Amino acid sequence: MTQTWDPKNYAQNAAFVPGMADEILEWLDPVAGERILDLGCGDGQLTARIAATGAGVVGVDASAEMLAAARSRGMEVLEGSAESLPCPDSSFDAVFSNAVLHWVRGQDAMMDEVRRVLKPGGRFVAEMGGYGNIAAINVAFRAVCARHADPGSEDEVNYFPTPESYALRLSRHGFHVDRIALMPRPTPLPASGMDGWLRTFRSGVLNSLREELRETVIAETCALLAPALRGENGNWTADYVRLRFIATHS
């Protein structure tokens, strides 16, 4: 099961991701002249916002399609994984990441790589899904898949840690955790609603299902979630919980 990303689909169904990044960008507080790595830069929207401050920014992402979109914005980007960054040692003042780390399979390898590419004293600033994130969506989606005797790979999709466990993990990899916080953030979805969310953020699982099941799974998941996550006006809200932190290369 491999999660896939399509720039057009992402722009239509997930514009809220870069649109809600103001606070984590404030935590980053980029300074003109700094070198910053945007880890999981996607289509480069936030990379461009960081570059506009005068900082020198390099984006890294594993999706060639999303990188093409970032290059079309004029961004300097490299293809690579979080667990094996294509960057020299001690080359960045900061590593930034938004809505990406919960997709990383090798958390320990990723932290070692981030520390490797940071200068001593450099900062690791990120926001990711935290403990309890999309709990209702996950339960409904897994229940529908199981009903059709095709559970997919939902357990392997994301990693949503508690602040305590993630702070401990960062510390074990040589970081000093300056700030870490878990915050509920109910997130209004665009007009495509839960249908669009599932097609974007569960494309890997959906593609692993038998083709004739995919539309059924989407429709039944939406029906299960509607009483909890769809308002009287028909608008959907995802049950997001975010984990945000600043950690320093010690």
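Whether a residue is among the hydroxyl-bearing types (Ser, Thr, Tyr), in contact with a Lys or Arg (Cβ under 9 Å, 6 or more places away or on another chain) and in contact (Cβ under 8 Å) with a residue 40 or more places away in the chain was assessed, and Ser91 passes this test.
In the stretch 113-135, the qualifying residues are those that are small (Gly, Ala, Ser) and closer than 14 Å to Asn158 by Cα, and the one that is surrounded by the fewest Cβ atoms within 10 Å (Cβ to Cβ) is Ala135. Would you be able to say whether some residue in the stretch 45-53 is among the small types (Gly, Ala, Ser), crowded, with 23+ Cβ neighbours inside 10 Å and in a loop (DSSP other than H, G, I, E, B)? No - not one qualifying residue is present in the stretch 45-53.
Contact map, the stretch 205-222: first residue closer than 13 Å to Ala149 by Cα and modelled with pLDDT of 90 or more, second residue of a type in the set (Gly, Ala, Ser) and not in a helix (DSSP H, G or I), Cβ cut-off under 9 Å, separation 6 or more or different chains; pairs are Val217/Gly152.
Using the structure shown, decide if Phe16 is touching a residue at least 60 places away in the same chain (Cβ under 8 Å), among the aromatic types (Phe, Trp, Tyr) and out of contact with any Phe, Trp or Tyr (no Cβ under 9 Å at 6 or more places or on another chain). Spelling it out, Phe16 is indeed touching a residue at least 60 places away in the same chain (Cβ under 8 Å), among the aromatic types (Phe, Trp, Tyr) and out of contact with any Phe, Trp or Tyr (no Cβ under 9 Å at 6 or more places or on another chain). Just to be sure, is Asn233 outside any helix (DSSP H, G or I), polar (S, T, N, Q) and in contact with a helix residue (DSSP H, G or I) (Cβ under 9 Å, 6 or more places away or on another chain)? So Asn233 does not fit the description; no.
Hey, any hits in the stretch 185-198 for a residue that's of a type in the set (S, T, N, Q) and touching a strand residue (DSSP E or B) at 6+ places or on another chain (Cβ under 7 Å)? There is at least one residue in the stretch 185-198 that is of a type in the set (S, T, N, Q) and touching a strand residue (DSSP E or B) at 6+ places or on another chain (Cβ under 7 Å). Looking only at the stretch 172-223, residues that are in contact with a Cys (Cβ under 8 Å, 6 or more places away or on another chain) and farther than 19 Å from Ala238 by Cα come to 1 in all. For the stretch 71-86, the count of residues that are closer than 27 Å to Arg214 by Cα and assigned to a loop (DSSP other than H, G, I, E, B) is zero.
Filtering Gly59, Gly74 for residues that are at positive phi and of a type outside the set (Val, Ile, Thr) leaves a single hit, Gly74. Taking the stretch 103-187 and the helices (runs of 4 or more DSSP H) fully enclosed by it, the elements with 1 or more residues that are under 21 Å from Ile246 (Cα atoms) and among the polar types (S, T, N, Q) are at 107-117, 163-172. Applying a threshold of 6 Å to beta carbon distances and a minimum spacing of six or more residues, or different chains, the list of pairs starting in the stretch 96-108 at a residue that is over 19 Å from Arg172 (Cβ atoms) and ending at one that is crowded, with 18+ Cβ neighbours inside 10 Å and of a type in the set (Asp, Glu) reads Phe96/Asp38; Asn98/Glu127.
The values are calculated or read from the model by the stated rules, or taken from the named source; none is laboratory data. As the structure is a prediction and not an experimental result, all values here were calculated from the model. When we count neighbours, we look across all protein chains shown, and the Cβ atoms used for this are built from the backbone with ideal geometry, even at glycine.
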